[in-house]
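Structure, as structure tokens:
The values are calculated or read from the model by the stated rules, or taken from the named source; none is laboratory data. Nothing here was measured: the structure is a model prediction, and the numbers come from that model. Here the Cβ positions follow ideal geometry from the backbone for every residue, glycine too, while neighbour counts run over all protein chains shown. In case anyone asks, the SASA skips ligands and DNA or RNA and just uses the protein heavy atoms, side chains included. Shrake-Rupley method; radii C 1.70, N 1.55, O 1.52, S 1.80 Å.
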Amino acid sequence: MQNIKDAAAEFLADKRIAVTGVSRTPRTHGSNNVYRRLRERGYQVFAVNPNTGQVEGDRSYPDLASIPGGVQAVVIGTRPEIAEDTMRECAELGIKHVWMHRGPGAGSVSNAATSYGRAHGITVIDGGCPLMFGPTADLGHKIMRLAYAGKVPKQV
């Protein structure tokens, strides 16, 4: 196990990141916020949504395997019951860093997905948000990290 700060730094050191659950109707959807921020901060970011070919003005992919050149890391922003299938796809593709997004609600965290990923050598951050850490953080997310401390893992 490693502490969350080190795991977050490793995750954010990856520059090709897929975000699942990016919505066609963004409003305040968490996955869209993560997608936009990563893009704004210079990451090569790829939206994954099997229901559309475009989100946020960019091409969207139906699954991780469809992304040309693959990715180094994945933010899971879908419902928890979908997270385990995504984790299995990550293991099949050799992706070693996965972050299951969780804000104030249940988020995307699945205990089964966490267990599966860790059993297959994936560093799984099971809660919180990448925007709470390092080069992607903003004041609002730093405050949320403190306010939702019980939903952000200390060790992963």
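Would you point out the residue of the stretch 110-147, among those that are more than 25 Å from E89 (Cβ to Cβ) and in a loop (DSSP other than H, G, I, E, B), that is most open to solvent (accessible area, probe 1.4 Å)? For the stretch 110-147, the residue satisfying everything is D138. Residue count for the stretch 15-30, restricted to those that are of a type in the set (D, E, K, R) and either at pLDDT below 90 or touching a Lys or Arg at 6+ places or on another chain (Cβ under 9 Å) (or both): 2.
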